[in-house]
Every structure is written in structure tokens, then in C-alpha cells.
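The values are calculated or read from the model by the stated rules, or taken from the named source; none is laboratory data. The model shown is predicted, which means the values in this text are computed figures rather than measured ones. A quick note on method: Cβ atoms are made from the backbone with ideal geometry, for glycine too, and the neighbour counts reach across all protein chains shown.
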2 protein chains.
Amino acid sequence: MNGAKSLVETLLANGIDTCFANPGTSEMHFVAALDQTPGMRCVLGLQENVVTGMADGYWRMARRPASTLLHCGPGLANGFANLHNARRAQSGIVNIVGDHATYHRPYDPPLAADTESLARSVSAWVRTTDQARHVGRDAAACVQAARTSPGQIATLILPSNVSWDEGGIVAADLPPPAVPSVDAAAVDQAARLLRDRAKVLLLLAGDAVTVEGQGLAWDIAQASGARLMVDYVNGTIARGSGRVPLERMPYSTDLALEALAPFEHIMLVGAKAPVAFFAYPGKPSAQYASTTQIHVLSRPEQDAVAALRALAGQLGAKRAPIPSPGERPSIASGAPTPERLAQTVAALLPENAIVVDESVSFGRGFYRHTHAAAPSDWLHLTGGAIGAGLPMATGAAIAAGGRRRVLTLQADGSAMYTLQALWTQARENLPCTTVLLSNRKYNILIGEYKAVGAAPGPTAMQMLDLGNPDLDWVKLATGMGVEAARAETMEQCAELMASSFRREGPFLVELVV
Amino acid sequence: MNGAKSLVETLLANGIDTCFANPGTSEMHFVAALDQTPGMRCVLGLQENVVTGMADGYWRMARRPASTLLHCGPGLANGFANLHNARRAQSGIVNIVGDHATYHRPYDPPLAADTESLARSVSAWVRTTDQARHVGRDAAACVQAARTSPGQIATLILPSNVSWDEGGIVAADLPPPAVPSVDAAAVDQAARLLRDRAKVLLLLAGDAVTVEGQGLAWDIAQASGARLMVDYVNGTIARGSGRVPLERMPYSTDLALEALAPFEHIMLVGAKAPVAFFAYPGKPSAQYASTTQIHVLSRPEQDAVAALRALAGQLGAKRAPIPSPGERPSIASGAPTPERLAQTVAALLPENAIVVDESVSFGRGFYRHTHAAAPSDWLHLTGGAIGAGLPMATGAAIAAGGRRRVLTLQADGSAMYTLQALWTQARENLPCTTVLLSNRKYNILIGEYKAVGAAPGPTAMQMLDLGNPDLDWVKLATGMGVEAARAETMEQCAELMASSFRREGPFLVELVV
């Protein structure tokens, strides 16, 4: 068998059954092998950042990697931004990049680029396969690397001749390396601190924000008086009624400093020490006071749930009832505001939905109003590279086998980076509802500009304003096969959202805000 | 003054008056400085590959660099593919990337990436400015690098604190390094070869395909019996009546080998030795026989026109009349075919138009049928990273001050990578006509797949077919403010094209092929 065939069979043997693809000439033997080997679901994205964003969304829901298929260095570069977001979400991705034949590369053909160097700057693992008989071996190692806790970008570069040459050998499943065990000393220290009733914040991320992790953290908080908070952005977080109504770290440094001021100790559970998204003149980079002590209960690659369980055990914490989030809000009416949208989402969200949040500045306060929504998983923009929402929603819907509704709360400026994802939603007939927040400006940047000291003048607005002409999202969506309608009031938005939740396929609501 | 202000004033002092931008938070001080300093035209692109593609198209027509403004590593990555194409076109670009404050970076905030490493893999020159008083100096050096013959990608990385800190110093214009002089020995050798009446092909690219270069090459050909050919892709090539009806190198290796078989010698004039875009099993990488001798009259960075003039002088070549391309074809009728479209373009193209050709496989034979078109400049996809056409057209229109009609011959699959460029065409009301070749498949790949040995099955077609659902380009274009209409016959296409040429602003014809 040729290298390409050994690649597909090795991927299947290693539990990879979904391939998000945007192939090119150098990947034709891989495409042919996919064609000849049953078992792999192939999903086309019309631009590579859609492909990588789908793979990220897939991992966040499936908790196992999908593969990508990208074309040479420039194809990898096109998909880089959502690989970056996936890296920050600690998603596992088997990132396959076809490239020039080993003997063709020295001729520096037009599409030649430094694929390996591009791959290294976003991947935890990179290998270029040198001959057909190593394709299977390398593919299995790539899957293993992607499955290494907590999840990694693993990039396999496949020169076209190793795909078409004969001599491919299928490699068996390689188990992922064991998750690094709980650090007993860290648990002891945490228990001492909590027994002392110090002012402690448990900052949760990763597995600590799963249903199980949250529940244990809540038990610990009830037993010790510690407070809980979650990262501003989370790869996947369980929310809604029956889950702990957790507060998010604020985005702004001023608000974050204020929120963290009461605590003498911050204990990280799968989280990193809170740092500002961006530096500002005269403001600190760290979002906590210099007197605050940072402790690590569990590093991102460790088993946070086990660490929380050990800590709860040491403290003798009992199972504490999850507090009620109160009544589910009713549908809001009138002109759209962030609060009203959050309320309406809480009112209408179906049971077990997936919420993809790339609402950027509009959605900073969504948590407060959505604790009483139906139980749901929320996926955030983790790496700050906008254009993640629509692709992630598409991949998440595929991971859920089309059985869970996906609601994307999507800022318009960000949506424009990867709007091609809507086409894949239509082609795969995915249960994706997009509420497109059409404010026709880069509103976050207008805020940031004002922070520089002045109101933007005409030249600045030329770069911050998305109007003139207004984007017509109903046309854009229907142009890609996704039904769509415009809403100017919350009543209209609610009606369109509710009816979209009864559909099988995708729908887009352009909410003029 | 702060660093940002010194940046803008240095750019202006160094002849940079156009900035293609997609800014973010870390660039707000640059945006503010642009706002406060008159003289810079700022053009927003809604995705970074639009921004870099516009800068490429701008250079190709203006022959002087514009600047970009990109946001951090992921923003640079988003614009990488069209920087790659620009690098292959030898375009000069002052590529400005804002980044995290120097002291913030060690905290590894969410958007942090290895910006320098990304920049290095596509730039000839990279510098990260370390403090405000160096911004002006570094910006001037960046412009100088971009203007280094034949044109280079020069990337300046600006941490946000060097923009906002006081102490900026405006730097005066740095002249670009002298163009490397003509190699007298190469001219002597070329003259000897041509006097021997050997079977010589002059392969032209870069400045050798300007009106002046072509004319000299034609004189040499007439005096010596040498034949002329141009690269398959050219950054900018002067074509149409009054210009030499030059043949292109074929794309396919088989056809290229056949076309080059008659020649014992290939003399490169600004061109590289012809190499296949991709390797294929059993086919050579070089597109010429191993017995063919390769000579270099002028390297890409040298002055090809001066070399041709020196050679013409040594040969005593007289000014030879440019051969007539024959009658201008009439508008074609019936179902669209490549030949009919080329004919119709030749019939209708306005004087002094700019043609941007990203027709991919559909347009491989366009040259043959368009020699008799009105004089025009043609811009090709040089680096093979699809998604260049619409951005390049936008930038070229801006470089031409809106005074020349731009016709983009645009494949649909490629258009989807950077369709956001249409919005910029609408906002800037640019004289851009797009003929969108809607074949609803990656036709080049279906051809490549068949070359692998079989007809694509359903899994392969899932990755090669753009139908299901069909993209509606009229909706997509009008959704971004560009008027559009669909044509299914050549008569309809001709009518829409002709009427678009009488407009001020942009128009898109979806030609169903």
C-alpha cells in the first residue's frame, strides 16, 4: 500500500474518524486514500481557518482529536489563527499538512514556504515524514501527541512523494501518555491554607470547570469559605441550571484588580495566573495585587478533578447542594441590549445546547444573566484571534453528531474573518443557530481608542467602522445556503431564535444592535 | 512626540502614503497617530489576507510600497498567504505588525505568539523595535528594505509600548540601495551565443516584461532569431495591442517540456529556471531537458531593461516593429467556455485597464486569445496561494487612483478565501469589475485527482465539489455592497461587463461556467 493509504488506516486505527479538510494538489493521494477507505467523515471548509476552527470546536465537545488536511505552508498559515485559539483552549488536533515532494522542494517552486517553521510556532509536536514506510509510525505518534494531556496541536507534514510511494505500514494505536498525577504536596498545602480560613480564591479552568470539577470545587468552597471564579475565557465550561453559578474573571484590568483585591491567596486549578489581554500605559500586566500569593493546586496538564477530589477529601467536605440560580428569565422585549439578549438566551436555550460565544465586547456580562438557562456547554474565544466562533460552532455540532443545538453569539466584525463556515453548516445541515450581533463597527476598538485619550476622528473611524456599506448578513448567509432573517427588536429575535431551535438545519438571525 | 507619531511621520517622509489596515487593540496608538497626521490614506480590510493582498496589488501597479497594519502574530498569520504571493511577485511591502508591550510579553497573554518567527518565514527583512526613540529609525530602514530591488517584504514589529512611549524621532528618507548593475560578462556571453544562431529561448520576467523590456527583447529576437517566452505567472505584465504578443510558459510539466524541447539554451532575463508547480510521480521537477543549458542574462534584482539594452546594442539590433496581433475579436456568444470568455474580454476591455487573473485552471489559455485586446497590465497569482485575486484588484485600483478599470477574472473556489475584499471595493467605490467563474467545484483538483489514476468517488467529491449548496455570488456580493448579476450565456456576460465598464464603482458578474 502507498503511504497515503497507510496514513488513513493508521488514523482510523488510532481513533480518528473525522477529517476537516481543505486539500490541494499535493494532497490528492491522501484524498484518494480517503475515498478508498471507508470510516472517515470528511468535512470541507472553504478556507483553512474554518478547517482548523472546526477541529478546535470538535475537540472541545468530543474530547478526542479530529484530523485536519491542509495544503502546504500558505494553507497552514491560513489556518494558523484558529490553531492558535485551539492551543490556548488546550485542544488536541491532528494537524496534517501536505507539502512538496522531498526532491521537488530544493527547486523552490512557487508554493514552497517554510512549512516546518510555521508549524513549530503553533504546535507542541511537529514532524516531517521522510519516506512512505514511516507514514504510519509518524501518524500514530502524531495522534498520541495530540492526545497528550490536556490536548495539544500535533502537526504532521507529509511531502507528496511519501504519500504516493509504496511501502506504507499501518501503525497500531499508541495509548496517550498517562496524565501527570496529582501533586500530593500541593493538595496538602492547599488543605492547610483552606483550614486556616485564609482569604482564598480558587481560580478554575480546564477540567475544573466540567460538571464534576465544579461540583467538587463547590463542596470545597462550602467547607472552607473559599470563593470560586473561572477564567475569563474557557475552552468548554458547563453552565446553566444544575451547575454552579460561577463568576468569570473580568476582562478589564481595572475590574479584575478590583475583583481579586479581597483575596490574599489565589489557588490555580487548571488555570494560569490572571494576566491582562493587553498592556495599557500605567497599568500592570498581572491582574492581581503584588501582595497576593499564587498557589498551584493543579497544572493544566494534570488531572484537576482528581486534585479537587483529593482536596475535598482532606477537608472532609460534604456534597453540598448546588445553589439555585433562581427563576429562568423571561424573553426580553424592546431594543436589543447585552442584558436583554442574555436574558432571552436564558429563556429560550434548549436543554443540553452548546453555546459558542464570540460576542467580544457585547457579551462581557452574559454570565450574570444566564445562570438559570437550561444546562449547556459554553465555548469561548480562548486565544483572542477573532474569527473562531462560526468554525467552532460547526465543528462542535459535528462532534455532537447533530443531536445538540448549537447557538453562536457572534460579533459581526469577528464573523467576517471566517464567514465561509456558514457554507459548511449548510452543506452538513447542522443544527446551528447564529445570532449575529450587527453593530457595524469594531466596537471593542472604539472603546480601546477612547482609552488612548480622544474620540476617534474620521481617519480612525475609517478603520474602526464597518458601516458604509453596511454588511447585509441575511444576504451573506443565504448566499451560502443558510436561511436567515433580520431582527431589530428582542421580540423578533426571540421569535426567530425559538423557531430556529425547532429546525434540523442552520439558521442565522441578524440582530441589529 | 510618541513612537506612533514618529512612525507615521517617518512613513510619510519616506514616501509611504497608503496604509492597508486591520488594526487591533495593540495598534490603537498608531491609529490615533494616523488620525492626527494628515497625508496617509487608510484603507480597511475585513480580514488580514485582504490587507496584504491589497498591498501586493498596490505595489504591482504603483511600483512603490504601501504599508500594512496588522495585529499581533495571529493577524500576521491571517495575512501570510498573500504576503507569500507578494514575495513571489517580488513586490515591496512595508509590513507593520503591532504586538504586545515588551514587558507584557513574558506573561504570555492569550494573543501572544511567535510573531518574529512567523515574520521571518515570509520576509526579507524583519526588525522588532525595542524603544520609542528607535521607531523612526527602524521605520525608515523598513521602507528602504521594501524598496530594495526588485521589491521585498519588510516587516517591522512594533510592541505597543514603543508606540505610546514619548521620545519618538522622525527619520528622514533613506534612499533604496542601488540596483545591482548589469553583468557585462553575462551580456558578452549572451551576445556570443545569439551571434552563433544557437537555438536560444529568452525567458522573460520582472522588468523584462514591461513595455520597454519587451520591446528590447523583441528587437533582440528579430536580430538573432532567438525566441521569446514569459513566465507562466507574472507579477505585472504589459499586454494587448502595441505590446509584443508573448507566449507564456505552459503550466503542465508535459506541455512545458514539449514547449522547451526545441531550445538548446534558455537565457533567463529576470526569470528563474522553469520548474513545475508540483511534483508528480515519474515526472521531472525541472521543466526543461537535462541537456538544455541555462544562462542568466539578468537576475531578478538586477536591471533587466538595462541588460536587454546592452545586449541589443552589442548585437546591433534595430528597433523592430511590434507585430500586429490581428483584428480585435468580437464578443462571443453561447455557453461560456474559456476561449469565448478570453475573446469577449479582448473585445470589450477598455484602454489601459488592469486585468487581475486568478482564473486558475479555467484561464490557462487566456493569453492566446487576448493579444489583440486594448493595451493593459495583467497581474497573476504568483505564489500559488489562492485567494489573491480580489484583494490584489482592490489594491491595484487604489494604486491607479481610481482612474483605470480593473477586471478580475476570478475562480469561485479561490474567491471564497478572501471574498471580504468586495466590501472594501464597495466602501472605496473602486472601478472594479469581477467576472466570477462559478463552476462550483475545485476543478483544478478534480483534474489533479484524475491524474492520480481514477475518477473521484463520493468521499473525494465531498472535498472537491463546491455545490450542495451552490454559492450565490449575487447575494454574497450585494451583501457586501457590490452590485452584481448572474450571466449564463456569453451574450449576458458581455452586456454586464460592458455596462460595468461605464460605471464608477464596483460590479460583479457571476458567470455560471
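Do the conditions hold for B:PRO23, that is, is it closer than 21 Å to B:ASN161 by Cα, modelled with pLDDT under 95 and in a loop (DSSP other than H, G, I, E, B)?
Answer is yes for this residue.
Which ranges mark the strands (runs of 3 or more DSSP E) fully within the range B:168-263 that have 3 or more residues being surrounded by 15 or more Cβ atoms within 10 Å (Cβ to Cβ) and touching a residue at least 40 places away in the same chain (Cβ under 8 Å)?
The strands (runs of 3 or more DSSP E) meeting that bar are B:200-204, B:237-239.
Is it the case that the range B:335-353 has a residue that's within 23 Å of B:ASN82 (Cα to Cα) and either surrounded by 21 or more Cβ atoms within 10 Å (Cβ to Cβ) or outside the structural domain of B:ASN78 (by TED's automatic domain parsing) (or both)?
yes
Could you check the range B:479-491 and list, in sequence order, the residues that are farther than 22 Å from A:THR424 by Cβ and within 8 Å of chain A (Cβ to nearest Cβ)?
B:GLY481
Within the range A:122-152, how many residues turn out to be among the small types (Gly, Ala, Ser) and free of Cβ contacts under 8 Å to residues at least 40 places away in the same chain?
Final tally of qualifying residues: 3.
Does at least one position in the range B:340-354 carry a residue that is more than 23 Å from B:GLY326 (Cα to Cα) and either in contact (Cβ under 8 Å) with a residue 60 or more places away in the chain or β-branched (Val, Ile, Thr) (or both)?
No, the range B:340-354 contains no residue that is more than 23 Å from B:GLY326 (Cα to Cα) and either in contact (Cβ under 8 Å) with a residue 60 or more places away in the chain or β-branched (Val, Ile, Thr) (or both).
What number goes with the only condition from (1) touching a strand residue (DSSP E or B) at 6+ places or on another chain (Cβ under 9 Å); (2) assigned by TED's automatic domain parsing to the domain that holds B:PRO300 that B:ASP188 does not pass?
For B:ASP188, the failing item is (1).
Among the numbered criteria (1) under 22 Å from A:VAL8 (Cβ atoms); (2) crowded, with 19+ Cβ neighbours inside 10 Å, which one does A:SER121 miss?
If we test A:SER121 against (1) under 22 Å from A:VAL8 (Cβ atoms); (2) crowded, with 19+ Cβ neighbours inside 10 Å, just (1) comes out false.
Go through the range B:34-50 and report how many residues are touching a residue at least 60 places away in the same chain (Cβ under 8 Å) and more than 19 Å from A:ARG440 (Cα to Cα).
Total satisfying the criteria: 2.
Restricted to the range A:488-513, and to residues that are free of Cβ contacts under 8 Å to residues at least 60 places away in the same chain and surrounded by 16 or more Cβ atoms within 10 Å (Cβ to Cβ), which residue is farthest from A:ASN439 (Cα to Cα)?
Here the answer is A:GLU495.
Which one of these is in a helix (DSSP H, G or I), within 30 Å of B:LYS5 (Cα to Cα) and among the aromatic types (Phe, Trp, Tyr): A:TYR417, A:TYR449?
Selected residue: A:TYR449, the only one of A:TYR417, A:TYR449 that is in a helix (DSSP H, G or I), within 30 Å of B:LYS5 (Cα to Cα) and among the aromatic types (Phe, Trp, Tyr).
Give me the residue from the range A:115-146 that is assigned to a helix (DSSP H, G or I) and among the charged types (D, E, K, R) and, out of that set, nearest to the chain's Cα centre (by Cα).
Ranking the candidates gives A:ARG120 first.
Assess whether A:LEU436 counts as being away from chain B (no Cβ under 14 Å) and over 22 Å from A:ASN78 (Cβ atoms).
Spelling it out, it is not the case that A:LEU436 is away from chain B (no Cβ under 14 Å) and over 22 Å from A:ASN78 (Cβ atoms).
Would you confirm, using the coordinates I've provided, whether B:THR418 is within 14 Å of the chain's Cα centre (by Cα) and in the same structural domain as B:ASN352 (by TED's automatic domain parsing)?
Considered against the rule, which asks whether it is within 14 Å of the chain's Cα centre (by Cα) and in the same structural domain as B:ASN352 (by TED's automatic domain parsing), B:THR418 comes out as no.
When the range B:1-20 is examined, which residues are found to be among the hydrophobic types (A, V, I, L, M, F, W, C) and either within 12 Å of another protein chain (Cβ to nearest Cβ) or part of a helix (DSSP H, G or I) (or both)?
Result: B:ALA4, B:LEU7, B:VAL8, B:LEU11, B:LEU12, B:ALA13, B:CYS19, B:PHE20.
Given the condition over 20 Å from B:ARG319 (Cβ atoms), in contact with a Gly (Cβ under 8 Å, 6 or more places away or on another chain) and either charged (D, E, K, R) or assigned by TED's automatic domain parsing to the domain that holds B:LEU308 (or both), answer yes or no: does some residue in the range B:201-220 qualify?
Looking for residues that are over 20 Å from B:ARG319 (Cβ atoms), in contact with a Gly (Cβ under 8 Å, 6 or more places away or on another chain) and either charged (D, E, K, R) or assigned by TED's automatic domain parsing to the domain that holds B:LEU308 (or both), one finds at least one in the range B:201-220, hence yes.
Only one of B:ALA132, B:ALA113, B:ALA154 is assigned by TED's automatic domain parsing to the domain that holds B:LEU69, among the aliphatic types (A, V, I, L, M) and within 24 Å of B:PRO176 (Cβ to Cβ). Can you tell me which?
After ruling out the rest, the residue left standing is B:ALA154.
Conditions tested, residue by residue: (1) at the interface with chain A (Cβ under 10 Å from one of its Cβ atoms); (2) within 20 Å of B:CYS493 (Cα to Cα); (3) part of a loop (DSSP other than H, G, I, E, B); (4) modelled with pLDDT of 95 or more.
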| position | (1), (2), (3), (4) |
| --- | --- |
| B:VAL356 | no, yes, no, yes |
| B:SER361 | no, yes, no, no |
| B:GLY365 | no, yes, yes, no |
| B:ILE386 | yes, no, yes, yes |
| B:PRO391 | no, no, no, yes |
| B:ALA396 | no, no, no, yes |
| B:LEU407 | no, yes, no, yes |
| B:GLN410 | no, yes, no, yes |
| B:TRP423 | yes, no, no, yes |
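Looking only at the range B:210-243, which residues are at pLDDT below 95 and of a type in the set (Phe, Trp, Tyr)?
Scanning the range B:210-243 gives a single hit, B:TYR232.
Of the numbered conditions (1) within 14 Å of chain A (Cβ to nearest Cβ); (2) β-branched (Val, Ile, Thr); (3) within 19 Å of B:SER160 (Cβ to Cβ), B:VAL122 satisfies every one except a single condition; which is it?
(3)
Among (1) within 30 Å of A:ILE354 (Cβ to Cβ); (2) out of contact with any helix residue (DSSP H, G or I) (no Cβ under 9 Å at 6 or more places or on another chain); (3) aliphatic (A, V, I, L, M); (4) more than 13 Å from every other protein chain (Cβ to nearest Cβ), which single condition is A:ALA256 missing?
All conditions pass for A:ALA256, except number (4).
Among the residues that make up the range A:447-464, is at least one of them touching a Cys at 6+ places or on another chain (Cβ under 7 Å) and under 25 Å from A:TRP378 (Cβ atoms)?
Looking for residues that are touching a Cys at 6+ places or on another chain (Cβ under 7 Å) and under 25 Å from A:TRP378 (Cβ atoms), one finds none in the range A:447-464, hence no.
When the residues of the range A:454-478 are narrowed to those that are over 30 Å from B:PRO469 (Cα atoms) and among the small types (Gly, Ala, Ser), which ends up farthest from the other protein chains (Cβ to nearest Cβ)?
Here the residue is A:ALA455.
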